[in-house]
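Report on the following structure.
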Amino acid sequence: MASRVEIDEDSDNNKGSMWVLDQKLDQPMDEEAGRLRNMYREKKFSALLLMRLAFQSLGVVFGDLGTSPLYVFYNTFPHGISDPEDVVGALSLIIYSLTLIPLLKYVFVVCRANDSGQGGTFALYSLLCRHANVKTIPNQHRTDEELTTYSRSTFHEQSYAAKTKKWLEGHTSRKNALLLLVLVGTCMVIGDGILTPAISVLSAAGGIKVSSPGMKNDYVILVAVVILVGLFSVQHYGTDKVGWLFAPIVLLWFLLIGGIGIFNIWKHDSSVLRAFSPVYIYRYFKRNGRDGWTSLGGIMLSITGTEALFADLAHFPVSAVQIAFTTVVFPCLLLAYSGQAAYLMKNHDNKTVLQAFYLSIPEKIYWPVFIVATLAAVVASQATISATFSIIKQALALGCFPRVKVVHTSKKFLGQIYIPDINWILMILCIAVTAGFKNQSQIGNAYGTAVVVVMLATTLLMTLIMILVWRCHWILVLIFTGLSLVVECTYFSAVLFKVDQGGWVPLVIAAAFLLIMYVWHYGTLKRYEFEMHSKVSMAWLLGLGPSLGLVRVPGIGLVYTELASGVPHIFSHFITNLPAIHSVVVFVCVKYLPVYTVPEEERFLVKRIGPKSFHMFRCVARYGYKDLHKKDDDFEKKLFDNLFMFVRLESMMEGCSDSDEYSIYGQQTERSREGLINNNDNTIGSTADLTISSVDSIVPAKSPLHANNTMSSSSQLSMQNEIDELEFLNNCRDAGVVHILGNTVVRARRDSRFYKKIAVDYIYAFLRKVCREHSVIFNVPHESLLNVGQIFYV
């Protein structure tokens with residue numbers, strides 16, 4: 001067995017003998033951990049800074065919600081208005097929809113469930129994964145929970161939260177159902193990323209036809225397509241350079257639609273303000289029956305962009321978003337819809353309803369408003385596209401999406417990314433929807449279906465968040481869930497009537513992406529299970545001896561594996577088929593955790609495998625779902641820096657471990673740390689007895705007096721060993737580094753059901769073929785790459 005450091009059982013802080021490398025070894029960790037934790041908490045901002053952040057959030061968070069007045073009334077009354085009182089009823093529905101969903105539910109409740117500033121369905125899922133063991137790929141270790149960004153709550157065993165946690169963890173099918181719910185929500189957000197640019201840009205471009213009634217609709221579509229192609233073509237530049245324009249454009253847009261709304265209320269019919277009474281909702285449904293019910297599909301478009309509001313939360317504090325919504329967005333939207341309603345009370349023929357927004361604009365400011373509307377539509381589309389990129393990056397990190405190229409477009413902001421493959425797919429689908437339907441009403445029906453499904457998924461996830469994370473009283477959970485489901489299920493039932501009128505589009509898009517994501521996740525899970533069940537035992541490895549039964553050639557072999565513990569089967573496959581292995585072998589595991597980010601100083605875990613003479617190590621590089629892993633020279637340099645630091649620390653600790661258990665060195669007590677570093681300190685004997693064990697012998701623990709007498713010679717010996725090993729590692733590094741990647745092929749068994757064969761042998765195999773190879777993602781030079789293949793059957 002390998003050398004071991006054993007600490008007396010009386011030490012409360014003994015967590016094994018594997019240490020996280022820390023540059024500031026001689027300083028307390030508690031203070032630094034506290035500083036790091038504070039970085040990821042909601043900070044208190046000055047009033048001036050808060051107002052500035054609220055202004056900036058307008059361009060990022062509210063663009064999609066702000067462009068809804070362009071198309072809501074037309075989609076609510078696609079066949080015209082038979083009774084002017086219906087306009088008041090529709091306005092009343094819009095007012096209370098905006099109040100209940102965006103204002104009360106999202107801005108004041110859901111936004112508080114952000115994961116270190118990140119929103120969206122995967123952020124909620126990450127929170128749940130930290131508070132309950134619901135992650136389907138079990139690649140986490142208990143040391144991951146000690147990260148400063150791995151915050152979670154604890155609760156009493158008999159509490160309702162504990163019972164819910166136990167119920168969720170009780171069966172694999174419940175974990176899969178939760179994952180499926182998250183994937184459905186994610187797929188609908190992707191659909192939103194296709195439909196938002198289509199309906200926003202097409203509605204904005206429709207203003208051209210208002211000024212030129214004789215213009216054919218095909219020309220409007222052509223203008224919209226040109227704008228869309230231009231929008232998607234410049235995505236690779238990012239929004240860093242032009243992002244500062246977004247907030248002024250959206251603010252100007254809100255002020256314009258609010259001002260036009262006031263003008264129309266004053267000029268046409270101020271009696272529409274009676275719509276603030278919910279009585280008119282009842283009268284609307286009583287008067288229109290089923291037609292009134294199905295018109296809810298158009299009413300619901302007034303709250304589209306609400307889910308994007310949560311997904312685009314980014315690094316804006318919740319208080320800034322709340323200020324921006326309550327002081328600018330909400331009042332301006334109410335005024336805009338009320339102004340359009342006042343105009344429609346006097347002008348309710350079919351042609352007027354079709355372009356209600358543009359026709360209600362005063363003639364003198366028509367073209368300036370048209371330009372701002374087009375720019376606002378572009379900003380809204382950009383926000384949705386960025387949210388789609390972000391959520392796909394999160395899905396990729398959690399093993400739920402095929403490997404695609406992710407490009408950072410900003411050196412200042414981590415969250416600004418660009419995914420080329422997804423960008424062009426979105427563009428093609430968006431143009432197909434715009435040119436294929438040629439009708440705002442059908443696109444609106446599709447848009448409404450996507451949005452309401454995402455809202456339902458968020459409500460169900462929020463129920464679990466309130467129980468497990470916030471530990472709310474069950475009555476509050478029941479009130480929130482009940483009210484949300486009543487409103488959203490009502491809208492859902494309305495959009496079901498319009499599935500054949502365009503509502504099928506997001507269902508087809510979501511089904512395609514859901515199939516891709518679930519099959520990829522299934523294949524990834526089976527590969528991981530195979531690696532876990534077939535990993536090499538330590539006894540077999542030790543039996544090979546220091547040479548591993550092979551010729552050890554100069555150099556360092558980096559063996560990439562998905563295992564964070566144990567020796568992967570691919571390594572035994574390698575050494576049984578090749579006659580030589582490198583003098584130093586490092587098993588590298590790059591894994592993503594359900595946290596927003598992993599601080600740089602806590603990223604790497606290093607340990608030794610087997611005795612020192614084997615020269616085998618493991619390095620685990622941990623990333624959050626927003627971190628971008630780039631296997632470049634900098635990563636390799638950090639890996640070796642941490643490896644060398646580990647050797648130095650190990651020499652100070654005078655031992656090593658062959659255990660698969662990790663431990664956080666920084667969490668050992670200050671007494672223990674000082675005793676191990678300070679050779680002249682008499683407290684080392686009282687802090688912990690050190691027992692060095694090896695294959696051949698067990699050295700008994702020495703008394704404190706004996707320990708002091710032998711400390712000097714032991715320190716000299718360990719220092720000499722450290723120098724020798726560091727020199728050996730440097731020489732091996734100079735000799736060359738080879739990257740050994742496993743290429744595991746998954747196949748379905750012959751006796752498998754036909755759908756499993758289709759999923760594994762065709763869909764998953766195709767995705768593996770077209771997605772990026774590990775060697776490309778890790779940026780491994782071909783001359784330094786060695787692929788080792790194997791096949792296993794599921």
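Can you confirm whether region 500-521 contains a residue that is modelled with pLDDT of 85 or more, assigned to a helix (DSSP H, G or I), in contact with a Gly (Cβ under 7 Å, 6 or more places away or on another chain) and under 30 Å from F792 (Cβ atoms)?
To start, the set of residues in region 500-521 that are modelled with pLDDT of 85 or more comprises 504-521.
From the residues that got through so far, the ones that are assigned to a helix (DSSP H, G or I) too are 504-521.
Add one more test, that the residue is in contact with a Gly (Cβ under 7 Å, 6 or more places away or on another chain), and what stays is 506, 509-510, 521.
Those still in the list that are under 30 Å from F792 (Cβ atoms) too: 521.
The answer is yes; a qualifying residue exists.
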* Asked: So which pairs qualify, if the first residue must be in region 171-186 and closer than 22 Å to G119 by Cβ and in a helix (DSSP H, G or I), the second must be hydroxyl-bearing (S, T, Y) and open to solvent by less than 50 Å² (accessible area, probe 1.4 Å), the Cβ gap must be under 7 Å, and the two must be at least 6 apart or on different chains?
  -> L179/T136; V182/T121; V182/Y125; G185/T121; G185/T458; T186/T121
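Please enumerate the residues belonging to region 313-328 that are out of contact with any Pro (no Cβ under 8 Å at 6 or more places or on another chain) and open to solvent by less than 10 Å² (accessible area, probe 1.4 Å).
From region 313-328, those out of contact with any Pro (no Cβ under 8 Å at 6 or more places or on another chain) are 313-324, 326-328; that's our starting set.
Correct list: L313, P317, A320, V321, A324.
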* Structure fact -> Picking from N139, N114, the residue that is at pLDDT 75 or above, open to solvent by 10 Å² or more (accessible area, probe 1.4 Å) and not aliphatic (A, V, I, L, M) would be N114
* To do: Go through (1) part of a helix (DSSP H, G or I); (2) open to solvent by 50 Å² or more (accessible area, probe 1.4 Å); (3) modelled with pLDDT under 95; (4) not aromatic (F, W, Y) and name the single condition L344 misses.
  => (2)
* Is region 566-573 home to any residue that is within 30 Å of V794 (Cα to Cα), of a type in the set (S, T, Y), open to solvent by 10 Å² or more (accessible area, probe 1.4 Å) and in a helix (DSSP H, G or I)? -> yes
* Asked: Are there any pairs, at least 6 apart or on different chains, whose C-beta atoms fall under 6 Å, with the first in region 772-792 and of a type in the set (F, W, Y) and the second open to solvent by 40 Å² or more (accessible area, probe 1.4 Å) and at pLDDT 75 or above, and if so, which?
  -> F792/F530
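How many residues are part of a loop (DSSP other than H, G, I, E, B) and open to solvent by 10 Å² or more (accessible area, probe 1.4 Å) when one looks only at region 204-216?
At the first step, the residues of region 204-216 found to be part of a loop (DSSP other than H, G, I, E, B) are 206, 212-216.
Filter once more, keeping what is open to solvent by 10 Å² or more (accessible area, probe 1.4 Å): 212-216.
The total comes to 5.
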* Which of the residues that make up region 347-360 are outside any helix (DSSP H, G or I) and surrounded by fewer than 22 Cβ atoms within 10 Å (Cβ to Cβ)? -> N347, H348, D349, Q355
* Looking at region 545-556, which of its residues are in contact (Cβ under 8 Å) with a residue 12 or more places away in the chain and either out of contact with any helix residue (DSSP H, G or I) (no Cβ under 9 Å at 6 or more places or on another chain) or open to solvent by 20 Å² or more (accessible area, probe 1.4 Å) (or both)? -> P546, G549, L550, V551, R552, V553, P554
* Structure fact -> Filter region 146-203 for residues that are of a type in the set (D, E, K, R) and touching a helix residue (DSSP H, G or I) at 6+ places or on another chain (Cβ under 8 Å); the one that is most open to solvent (accessible area, probe 1.4 Å) is R152
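In region 416-428, how many are open to solvent by 60 Å² or more (accessible area, probe 1.4 Å) and touching a residue at least 24 places away in the same chain (Cβ under 8 Å)?
1
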* Asked: For G610, are the conditions met, namely being open to solvent by less than 30 Å² (accessible area, probe 1.4 Å), on the phi > 0 side of the Ramachandran plot and not in a loop (DSSP other than H, G, I, E, B)?
  -> no
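The values are calculated or read from the model by the stated rules, or taken from the named source; none is laboratory data. Remember, it's a predicted structure, so these values are computed and weren't measured experimentally. Cβ atoms come from the backbone with ideal geometry, glycine included; neighbour counts cover every protein chain shown. Each accessible area value is taken on the protein alone, full model and side chains, heavy atoms only, with ligands, DNA and RNA left out. Shrake-Rupley method; radii C 1.70, N 1.55, O 1.52, S 1.80 Å.
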